[in-house]
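Student: Before anything else, here's the structure in question.
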Amino acid sequence: MTSPKLFEAIKKDPKYQPILPDIFRKAKSNPMVNAVMREALLSDAAGALGKMHDVVVEAAKPALIGREIIWVLPTTETLVRFPKAKLGKAHRTAELSQVWITQEKYDTVDIKADVEIKAGAEYSKKFLEDASWSVMERQTAEVGRAVGELETERVLALFDGISAGNLAGGGEYNGAGTLDWAGLVGFWNRVKAENFNAKVLVINPNQLSDLWQQDQFIHSFYFGGMADIRRGVLGETYLGMKIVVSTKVTDGTVYCIDTEVAAVLLLRRDILTEPFENPKKDRYGIVASERIGLDILRSKAVARGSGW
């Protein structure tokens, strides 16, 4: 997973250098930033803003399940073109006994990083004068969680948008009420039959409960460094798929994805926390936002079904 940058990393990243002076200038006069500086005993507004940013990032991480099920590509461009080579043909030259692959035609997908995901927390000046850091920290964390959930929703909506006929197997792979080991293998096989490799199975917690009743499922795991049970990311089964679990997945819906080729999420600007204020309405606070772009590259690398 590509994790959002903590504040120290943001300050050192050349990409953010042009905008940081203006952000720090606004932070100095922002009542919420000043309240955090006072309550958390910090020496300057930049430190207070950095503390809030790190709270936002840490709260966002558990909700950023979408980044586990799609290829994440950081970019400095507003538009990226992806060439998709059509299947090539092999020709053997009799003289040299060598094989040459001819690849003459390409499809392309142009993806714009034009989606901005944003969440914020705002309060009156009176509230900020009286609030403690422990109260503000909870609300700051909610901003991060909201951004993470919105991003995951966009990724899942991308896979939901694939028409049934363009999925692996030429249609949805639907069940009859319970996801068992045979169903899991069936999803894996649909992607494999399209000459792709299933890297992740994405399910709702209720389907995970079904799978925990299956001995084959339990015995298929080796939990290594890639497992993060708290976030809902389980280690790989011996089929080569990790299991990702999220309440954002509709109950009964299952996705099986080759994350290397199915789709891409362009990360034009990762999560950034900035001061917000509207003195006329007596509203002050912070806003966390990110700028992304996403699209399908190879729909046949995705199997999807419901009724499980």
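The values are calculated or read from the model by the stated rules, or taken from the named source; none is laboratory data. It should be emphasised that the depicted structure is a prediction, and the values quoted were computed from it without experimental measurement. In this analysis, Cβ positions are derived from the backbone assuming ideal geometry, glycine residues included, and neighbour counts consider all displayed protein chains. What goes into the accessible areas is simple: the full protein's heavy atoms, side chains included, and nothing from ligands, DNA or RNA. Shrake-Rupley method; radii C 1.70, N 1.55, O 1.52, S 1.80 Å.
Student: Name, by its number, the condition in (1) open to solvent by 10 Å² or more (accessible area, probe 1.4 Å); (2) part of a strand (DSSP E or B); (3) among the hydroxyl-bearing types (Ser, Thr, Tyr) that does not hold for Ser289.
Tutor: Single failed check for Ser289: (1).
Student: Residue pairs, Cβ under 8 Å, 6 or more apart or interchain, first in region 1-14 and farther than 10 Å from Gly50 by Cα and of a type in the set (Lys, Arg), second modelled with pLDDT under 95 and surrounded by fewer than 15 Cβ atoms within 10 Å (Cβ to Cβ). List them.
Tutor: Pairs found: Lys5/Asp13.
Student: Going by the conditions given, is Thr273 in contact with a His (Cβ under 6 Å, 6 or more places away or on another chain), open to solvent by less than 70 Å² (accessible area, probe 1.4 Å) and modelled with pLDDT of 95 or more? Let's see the steps before the verdict.
Tutor: On the way: in contact with a His (Cβ under 6 Å, 6 or more places away or on another chain): yes; open to solvent by less than 70 Å² (accessible area, probe 1.4 Å): yes; modelled with pLDDT of 95 or more: yes.
So Thr273 fits the description; yes.
Student: Considering only region 110-139, state which residues are at pLDDT below 95, among the polar types (S, T, N, Q) and outside any helix (DSSP H, G or I).
Tutor: Hit for region 110-139 is Ser132, nothing else.
Student: Starting from residues that are within 21 Å of Tyr123 (Cβ to Cβ) and not charged (D, E, K, R), keep the ones in region 34-45 and report whichever is most open to solvent (accessible area, probe 1.4 Å). Steps first, answer last, please.
Tutor: First, pick out the residues of region 34-45 that are within 21 Å of Tyr123 (Cβ to Cβ): 34-42, 45.
Remaining after also requiring not charged (D, E, K, R): 34-37, 40-42, 45.
Values: Asn34: 48, Ala35: 1, Val36: 0, Met37: 46, Ala40: 28, Leu41: 151, Leu42: 58, Ala45: 9 Å².
Checking each candidate, the answer is Leu41.
Student: Mind telling me which of the residues Gly186, Gly144, Gly161, Gly177 ends up being at pLDDT 95 or above, out of contact with any strand residue (DSSP E or B) (no Cβ under 8 Å at 6 or more places or on another chain) and not hydrophobic (A, V, I, L, M, F, W, C)?
Tutor: Details: Gly144 fails: out of contact with any strand residue (DSSP E or B) (no Cβ under 8 Å at 6 or more places or on another chain); Gly161 fails: out of contact with any strand residue (DSSP E or B) (no Cβ under 8 Å at 6 or more places or on another chain); Gly177 fails: at pLDDT 95 or above.
Within the list Gly186, Gly144, Gly161, Gly177, the selection yields Gly186.
Residue-by-condition table, conditions (1) in contact (Cβ under 8 Å) with a residue 60 or more places away in the chain; (2) hydroxyl-bearing (Ser, Thr, Tyr); (3) within 30 Å of Arg283 (Cα to Cα):
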site	(1), (2), (3)
Thr108	no, yes, no
Met136	yes, no, yes
Gln139	no, no, yes
Leu184	no, no, no
Phe187	yes, no, no
Asn197	yes, no, no
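Student: Condition (residue is crowded, with 21+ Cβ neighbours inside 10 Å, over 21 Å from Asn189 (Cα atoms) and hydrophobic (A, V, I, L, M, F, W, C)) applied to region 221-231: is it met by at least one residue?
Tutor: Taking region 221-231 and keeping what is crowded, with 21+ Cβ neighbours inside 10 Å, we get none.
No, region 221-231 contains no residue that is crowded, with 21+ Cβ neighbours inside 10 Å, over 21 Å from Asn189 (Cα atoms) and hydrophobic (A, V, I, L, M, F, W, C).
Student: Follow-up question, since we're still on this one. How about region 188-217: which of its residues are in contact with a Lys or Arg (Cβ under 6 Å, 6 or more places away or on another chain) and outside any strand (DSSP E or B)?
Tutor: Taking region 188-217 and keeping what is in contact with a Lys or Arg (Cβ under 6 Å, 6 or more places away or on another chain), we get 194, 200.
Glu194 - this is the single residue of region 188-217 that is in contact with a Lys or Arg (Cβ under 6 Å, 6 or more places away or on another chain) and outside any strand (DSSP E or B).
Student: Name the single residue that is nearest to Gly305 (Cα to Cα) among those in region 126-176 being buried (at least 16 other Cβ atoms within 10 Å of the Cβ) and among the polar types (S, T, N, Q).
Tutor: Among those residues, the one meeting the criterion is Thr152.
Residues checked against (1) part of a strand (DSSP E or B); (2) over 30 Å from Glu137 (Cβ atoms):
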site	(1), (2)
Gly240	no, yes
Ile243	yes, yes
Thr250	no, yes
Cys256	yes, yes
Thr259	no, yes
Leu265	yes, no
Arg268	yes, no
Ile271	yes, no
Pro275	yes, no
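Student: Turning to a different aspect of this structure: So, of the residues in region 11-33 that are open to solvent by less than 60 Å² (accessible area, probe 1.4 Å) and modelled with pLDDT of 95 or more, which turns out to be nearest to Thr273 (Cα to Cα)?
Tutor: Here is the first cut: in region 11-33, the ones open to solvent by less than 60 Å² (accessible area, probe 1.4 Å) are 13, 16, 20, 23-24, 27, 30-33.
Keeping just the survivors that are modelled with pLDDT of 95 or more gives 20, 23-24, 27, 30-33.
Numbers: Leu20: 11, Ile23: 9, Phe24: 11, Ala27: 11, Asn30: 13, Pro31: 15, Met32: 13, Val33: 11 Å.
It comes out as Ile23.
Student: Continuing with this model, one more query. Can you pull out the residues in region 292-308 that are among the charged types (D, E, K, R) and not in a helix (DSSP H, G or I)? Walk me through it before giving the result.
Tutor: The first filter runs over region 292-308 and keeps only residues among the charged types (D, E, K, R), leaving 295, 298, 300, 304.
Once the filter is applied, which keeps residues that are among the charged types (D, E, K, R) and not in a helix (DSSP H, G or I), region 292-308 yields Asp295, Arg298, Arg304.
Student: Right, another one. Which residues, counting only those in region 181-207, are closer than 14 Å to Ser306 by Cα and surrounded by 17 or more Cβ atoms within 10 Å (Cβ to Cβ)?
Tutor: Gly183, Leu184, Gly186, Phe187, Leu201, Val202, Ile203, Asn204, Gln207
Student: Sticking with this structure for a sec: Of all residues in region 232-266, which are open to solvent by 30 Å² or more (accessible area, probe 1.4 Å) and without any contact (Cβ under 8 Å) to a residue 40 or more places away in the chain?
Tutor: The answer is Glu236, Tyr238.
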